[in-house]
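Written below as structure tokens is the structure these notes are about.
The values are calculated or read from the model by the stated rules, or taken from the named source; none is laboratory data. Remember, it's a predicted structure, so these values are computed and weren't measured experimentally. Cβ placement follows ideal geometry from the backbone for every residue including glycine, while neighbour counts extend to all protein chains displayed. Quick note on the areas: whole protein, heavy atoms, side chains included, nothing else; ligands and nucleic acids left out. Shrake-Rupley method; radii C 1.70, N 1.55, O 1.52, S 1.80 Å.
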Amino acid sequence: MGFIKYFNGNIKGQSYSGWVDGKTNQPVDDKEIKKKYEEDILAHAGIRLIEPELFDGYDPANKQFIQEVVIQHDLEAFDTDKPTANAFKKQHADKCEVFPIEGAEEYSVKILKGAKLYIPKALRFDRLVAGQIPTGWDPKRYGIGEDIISQVDKITLYVLVAVAEALLAAGVTDPYEFYKYVHVSEVGNCSGSGMGGIGALKGMFKERFQDVPVQNNILQESFINTMSAWVNMLLLSSAGPIKTPVGACATAIESVDIGVETILSGKAKIVLVGGYDDFGEEGSYEFANMNATSNAVDEFAHGRTPAEMSRPATTSRNGFMEAQGSGIQVLMTAELALKMGVPIYAVLAMASTATDKIGRSVPAPGKGILTTAREFHGDLKFNSPKLDIKYRARQIKSRTVQVSQWLEGELEYVKEEAESLKKSDPEFDVSTYLAERTNELAKEAKQQIKDAQRQFGNEFWRNDPRIAPLRGSLGTFNLTIDDLDVCSFHGTSTKANDKNETATIDTMMTHLGRTEGNTVYGVFQKFLTGHPKGAAGAWMLNGAIQILNSGIVPGNRNADNVDKILENYKYVLFPSRTIKTDGIKAVSVTSFGFGQKGGQAIVVNSDYLFAALSKDEYETYKVKVESRYKKAYRYMHNAMIHNTLFVAKDKAPYADEL
């Protein structure tokens, strides 16, 4: 926000190294920062009255429109250049007089009675509040150069910083480190957006119409995939899969689903997932026309502050609070994460998307995501034995023995084959042949064991109608539906969504046989963040990770009066205060978007992964993580001091001619 900056030099004749005030350049002691700046930070971060300086002067209290007016008398003549004068004549024809000014290069233009003009006017718009980036946020302080800032859409800057922060959170200070472990074709990007570069769209459709100077290549910055392109051009330089979901407010969870599929299919081993969307006056006005967002004028009339205007699950909720921003996560296989020694914050057990039923309303919420709880037992009385982790372990052990026996048999056959070939060709290289074939067979045996582990591990429940994806994904870690401790709700604070989503979660729990009285904690974080549309699921996933790592379940501080209708759903608890637990095993994240988009992701505590490691494997990983953490810690502090969190690459990690 620019309140402080690092300084190393002389102040008033004395050597000083440390923080100084951003305006006065006077030293600021660490312990004084909270006292000195907290009030301003809170006043200019998060949900608050819209600050025009963040949106090119847009002030909803004076929202500009234009109105066509037919003038009733001739206007005074004005002077302009010849091309502009001819353009006026072309538009207004006989309602415009144009003639050269004697002795000058300029022309005189006179608009006549009957001509149609567009006259600006201002109205007071009632969406006065939004979740905004901190005032004073400057991409230069992260290390992004002016050449990039002047070129790209504002949302691209948010994405670039979010990616840099996500990589640093993974302990990766140089993204090219990935290529020490994987091929450039195995790093992908599956992040997306609902709208993309709305600043660029505004430039194309509004400013170009107003004949305001706009960069010539503005079109490219409006594309939703352009943000991912800049990430690759400036940071990754990968040649892996790039998949750009457009799922409105469910984009980030759709991105996670695509990212998981991309890794499981073998197309990549590392992917970036997440979402991003901006705030703009055009979208704000159209959301209001749909009665989707919170009316600030009405809220103020009821005595509420901006911080109280997003109230998910309450009787008085009356629309979502629009916000802006980006959220990015790094996904990779557990095997690679352990090998690299990156911090594993959570394990993605499941990700899924679903459409809804026949209808005529694009924004209407639906229950299509109920399909993650689908299962059919027919006349069978007992559950599938595959749900028993001991049964699955036994099958893997048995299959491993079978593969070992198969390998022994094949090796004997190869020896006989080599001897036969030697008899027919005295020059035949037996040792090389045996070495190559033995190596091939060992690889195949390893792959067969991996296939067995996949069959009875992560994928034992797939394509089995008796096992719901939700039940199976938890069962992979020997968890049941009773172990799903927290559900992070999309919780937009609209009348329809909060009821529909609660009903959906409650039906899932009922259908899968959750024990009565064992409620899930409902988390509604949009009371604090607002609704960033495409980034919503990514922010929620970050919140879920924090819950798993801390055991702390945040309450909905604005839930002063939970809707009576929601009391009908017995499996969801609506805490209004933070609850400290002795540990959270698994969290569900649900997300819904306009246009038949429903998504759900299940994240499991990383302790369940570590429990599967041997002591030596865990200790080796622990050493790597600690080393990586120290390196990232130093990098972060150096970046804060020197404004180098984001470092753009100049060269690809391979030869220029490629």
Taking Cα pairs closer than 8 Å and at least 6 residues apart, the relative contact order of segment 69-165 in percent is 27
Measure of exposure for MET640: accessible area at 1.4 Å probe, Å² rounded to 10, is 100
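Run the numbers for ALA393 and SER361: contour at 0.36 nm per residue of separation, minus the present Cα-Cα distance, in nm.
Fully extending the segment from ALA393 to SER361 adds 6.7 nm.
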Here the net charge surrounding MET332, from other residues whose Cβ is less than 12 Å away from its Cβ (Lys, Arg +1; Asp, Glu -1), is 0
Using alpha carbon positions and the Kirkwood radius, the Rg to Rh ratio of segment 209-248 is 1.11
Rounded to the nearest 0.05, FRET efficiency between GLU97 and GLU286 (Cβ-Cβ, R0 51 Å) equals 0.80
Dividing the mean separation of Cα pairs under 8 Å (6+ apart) by the residue count of the chain yields a relative contact order in percent of 18
When every protein chain stays in place and a 1.4 Å probe is rolled, LEU658, LEU474, LEU573, LEU112 sorted by accessible area with the largest first are LEU658, LEU573, LEU112, LEU474
Partner lysines whose C-alpha sits under 21 Å from that of LYS5, ignoring same-chain residues fewer than 8 away, are LYS23, LYS31, LYS34, LYS35, LYS36, LYS140
Non-local residues with an amide H under 5 Å from the amide H of GLN132, with H modelled 1.01 Å from N and Pro and chain starts lacking one, are GLY46, ILE47, ARG48
Probe 1.4 Å, all chains present, heavy atoms only: TYR413 accessible area in Å², nearest 10, is 120
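Please give the FRET efficiency for ASP56 paired with VAL214, using the beta carbon to beta carbon distance and R0 = 22 Å, rounded to the nearest 0.05.
With a Förster radius of 22 Å, E is 0.95.
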For ALA611, placing the label point 7 angstrom along Cα-to-beta-carbon and taking segment 570-588, residues whose amide nitrogen sits under 12 Å are 584-586
Quotient of Cα radius of gyration and Kirkwood radius for segment 67-123, i.e. Rg/Rh, equals 1.03
One computes Rg over Rh for the chain from alpha-carbon atoms, with the Kirkwood Rh, and obtains 1.06
Taking max minus min of the Cα coordinates of segment 231-321 on each principal axis, largest first, gives extents in Å of 55, 27, 22
Per-residue ellipticity at 222 nm attributable to helices in the chain (runs of n ≥ 4 DSSP H, -39500 (n - 2.57) apiece, nearest 500 deg cm²/dmol) works out to -11000 deg cm²/dmol
Nearest-0.05 FRET efficiency for ALA104 and SER150 at R0 = 35 Å, using Cβ-Cβ distance, is 0.45
The set of residues whose placed amide H lies less than 5 Å from the amide H of ARG466, leaving out same-chain residues fewer than 5 positions away, is PHE376
Under the 7 Å Cα-to-Cβ spin-label approximation, ALA307 and PHE376 lie apart by a distance in nanometres of 5.2
The answer for VAL520, listing residues at least 5 apart or on another chain whose modeled amide H is closer than 5 Å to its amide H, is VAL572, LEU573
